[in-house]
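Engineer: Below is one structure. I have some questions about it.
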Ligand code: GRF
């Protein structure tokens with residue numbers, strides 16, 4: 001069973017889905033938020049999971065990442081899952097967790113990296129969008145994809161309605177992808193996702 005730490009900054013609906021889906025393959029042993037009062041912290045506490053708040057305020061990126069890294073290693077984390085974690089991680093941190101660090105992004109990567117995804121998808125007239133789970137690499141949202149789910153984009157969609165449709169599929173996709181990684185059915189090899 002893999003010991004998993006989840007990093008959050010906000011409401012933590014994906015965290016909630018990851019907690020609910022825990023099985024013999026993975027156990028969430030720690031939730032770290034860089035934002036005090038993030039809603040996800042309550043979800044973790046209610047499930048009896050240890051929480052830590054590590055604020056980034058007034059710290060260099062390297063100093064913040066070093067604290068994060070120390071917290072993860074002290075807890076014996078084996079896999080690190082970003083779930084609405086709104087900080088860019090330094091290259092050093094990312095390399096230190098290479099192949100063991102994953103993120104979920106609300107687009108069909110490699111399309112629409114970055115922010116304001118739904119606005120841009122709608123403005124471009126896309127008929128389809130979705131969610132992607134990927135290994136984290138130093139370049140933002142550029143890591144090899146592990147799994148994706150597509151959803152339709154409707155002609156009357158707003159960024160909010162599209163975000164809600166995608167979020168709903170994230171809640172199944174993310175636990176499924178984490179289970180693949182935890183069981184060794186998927187891994188990062190020479191910068192590519194390899195499936196066994
Ligand atoms: C999700 O849309 C995810 O794709 C993005 O941040 C959002 C997190 O939402 N990376 P939540 O905090 O899990 O509800």
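Engineer: Tell me the residue from 29, 54 that is modelled with pLDDT of 95 or more and under 29 Å from residue 185 (Cβ atoms), please.
Structural biologist: On the way: 54 fails: under 29 Å from residue 185 (Cβ atoms).
Step by step, each of 29, 54 is checked, and only 29 is modelled with pLDDT of 95 or more and under 29 Å from residue 185 (Cβ atoms).
Engineer: Can you pull out every residue in the range 19-44 that is in a loop (DSSP other than H, G, I, E, B) and either surrounded by 16 or more Cβ atoms within 10 Å (Cβ to Cβ) or touching a strand residue (DSSP E or B) at 6+ places or on another chain (Cβ under 6 Å) (or both)?
Structural biologist: Taking the range 19-44 and keeping what is in a loop (DSSP other than H, G, I, E, B), we get 21-22, 24-25, 34-38.
Hits for the range 19-44 are 21, 22, 25, 34, 35, 36, 38.
Engineer: When only residues in the range 72-82 that are more than 15 Å from residue 114 (Cα to Cα) and touching a residue at least 24 places away in the same chain (Cβ under 8 Å) count, which is nearest to the chain's Cα centre (by Cα)?
Structural biologist: Ranking the candidates gives 81 first.
Engineer: State which residue is modelled with the lowest pLDDT when the search covers only the range 84-107 and only residues that are surrounded by 15 or more Cβ atoms within 10 Å (Cβ to Cβ), within 12 Å of the ligand (Cβ to nearest atom) and part of a loop (DSSP other than H, G, I, E, B).
Structural biologist: For the range 84-107, the residue satisfying everything is 87.
Engineer: Taking interchain pairs and intrachain pairs at least six residues apart, which have beta carbon atoms under 7 angstrom, with the first residue in the range 98-110 and within 15 Å of residue 4 (Cα to Cα) and the second assigned to a loop (DSSP other than H, G, I, E, B) and more than 12 Å from the ligand (Cβ to nearest atom)?
Structural biologist: Between residues of the range 98-110 that are within 15 Å of residue 4 (Cα to Cα) and residues that are assigned to a loop (DSSP other than H, G, I, E, B) and more than 12 Å from the ligand (Cβ to nearest atom), the close pairs are 100/78.
Engineer: May I pose another question? With (1) touching a residue at least 60 places away in the same chain (Cβ under 8 Å); (2) surrounded by fewer than 17 Cβ atoms within 10 Å (Cβ to Cβ); (3) part of a loop (DSSP other than H, G, I, E, B) as the list, and residue 187 as the residue in question, which single condition is left unmet?
Structural biologist: The number of the failed condition is (3).
Engineer: A further question on this structure: In the range 152-162, which residues are surrounded by 17 or more Cβ atoms within 10 Å (Cβ to Cβ) and within 13 Å of the ligand (Cβ to nearest atom)?
Structural biologist: Scanning the range 152-162 gives a single hit, 162.
Engineer: Here is a list: 179, 172. Which entry is buried (at least 18 other Cβ atoms within 10 Å of the Cβ), part of a helix (DSSP H, G or I) and under 16 Å from the mean Cα position of the chain (by Cα)?
Structural biologist: After ruling out the rest, the residue left standing is 179.
Engineer: Residue under question is residue 9, and the condition is that it be under 19 Å from the mean Cα position of the chain (by Cα), surrounded by 16 or more Cβ atoms within 10 Å (Cβ to Cβ), within 11 Å of the ligand (Cβ to nearest atom) and touching a residue at least 40 places away in the same chain (Cβ under 8 Å); does it hold? Outline the logic, then answer.
Structural biologist: Numbers: under 19 Å from the mean Cα position of the chain (by Cα): yes; surrounded by 16 or more Cβ atoms within 10 Å (Cβ to Cβ): yes; within 11 Å of the ligand (Cβ to nearest atom): yes; touching a residue at least 40 places away in the same chain (Cβ under 8 Å): yes.
Yes, satisfied.
The values are calculated or read from the model by the stated rules, or taken from the named source; none is laboratory data. Only a predicted model underlies this, so the values are computations on that prediction, with no experimental measurement involved. No Cβ is skipped: glycine too gets one built from the backbone with ideal geometry, and neighbour counts run over all protein chains shown.
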